[in-house]
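Student: I'd like to ask some things about the structure below.
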C-alpha cells in the first residue's frame, strides 16, 4: 500500500491514541470505547501495519535504572564523505550509540549516546568513536535534562 492511499478515520485515530499511550491497552476495552468488535480492531491494526504506519511495538527501558545517567549528542566530522559507510559500520558496533543520523550542515554524522557517567563518555569518545578510521574530530553536547519526549500527533 502506498502512503498516499492510507486513510485514517476517527476510529483508527482512537485506536492509535490508546495504543500510543499504552501499547498494552486491552484490545477489547478499545473496541468497547469505539463501539466495534475486537476482531474489527485487529483488522484495522493489520491494515495500519501493512501500510507501514506502525513500526512495531516495544517495551522502553529506563536507562537510568540500568545506571546510564549521561546522555550526549556527538557531531562527527569525517575526513572525506567516502569514509561514511565504514564509519557507520563501526558506530553500529558501539553499544552506547543508540541513534545515528546522516545530516546536512557541519557534521557528516550526528549520534546520540548513552553512558553511565562523564568518565564513561570520555572513554567512548576517545577510545571508540575518535578511533574510527576517517573520523577527523567530534563535537559533543551533554544533555542536562530532556524536556520533551513525544511522538508526532495524529
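Every read-out reported here was derived from the displayed coordinates using simple, explicitly stated rules and does not represent laboratory data. Every value quoted in this text rests on a predicted model; they were computed, and no experiment measured them. Don't worry about glycine lacking a Cβ; one is built from the backbone with ideal geometry, like all the others, and counts go over all protein chains shown.
Student: For the stretch 70-143, compute the orientation-averaged projected area of the C-alpha convex hull (one quarter of its surface), in nm².
Tutor: That works out to 4.2 nm², a quarter of the Cα hull's surface.
Student: Now, a different point. Among 107, 102, which comes first, second and so on when ranked by fewest other beta-carbon atoms within 10 Å?
Tutor: Starting with the residue having the fewest Cβ neighbours, the order is 102, 107.
Student: Between residue 66 and residue 22, 0.36 nm times their residue separation minus their Cα-Cα distance comes to what?
Tutor: Numbers: separation 44, 0.36 × 44 = 15.84 nm, distance 2.22 nm.
Extra length available between residue 66 and residue 22 comes to 13.6 nm.
Student: Once you treat every alpha carbon in the stretch 3-51 as an equal point and sum by Debye, what is log10 I(q)/I(0) at q = 0.29 Å⁻¹?
Tutor: The calculated log intensity ratios at q = 0.29 Å⁻¹ are -1.22.
Student: When the helices in the chain are scored as -39500 (n - 2.57) per DSSP H run of 4 or longer and the sum is shared across all residues, what 222 nm value do you end up with, to the nearest 500 deg cm²/dmol?
Tutor: Result for the chain: -9500 deg cm²/dmol, rounded to the nearest 500.
Student: If you don't mind, another one. Computed FRET efficiency, Cβ-Cβ of residue 5 and residue 32, R0 25 Å: what is it to the nearest 0.05? Don't skip to the end; give the middle numbers.
Tutor: Values: r = 29 Å, r/R0 = 1.18.
E(calc), rounded to 0.05, equals 0.25.
Student: Cα convex hull of the chain: how many Å³ per residue?
Tutor: Measuring per residue, one finds 157 Å³ for the Cα hull of the chain.
Student: Sorting 28, 54 on the 10 Å Cβ count, fewest up front, what's the list?
Tutor: If I rank by nearby Cβ atoms, fewest first, I get 28, 54.
Student: Give the angle, between 0 and 90 degrees and rounded to the nearest 10, that separates the Cα long axis of helix 38-51 from the longest principal axis of the Cα atoms of the chain.
Tutor: So the helix axis and the longest Cα principal axis differ by about 40 degrees.
Student: Just want the ordering: 11, 148, from fewest to most Cβ atoms lying within 10 Å of their own Cβ.
Tutor: Neighbour counts put them in this order, fewest first: 148, 11.
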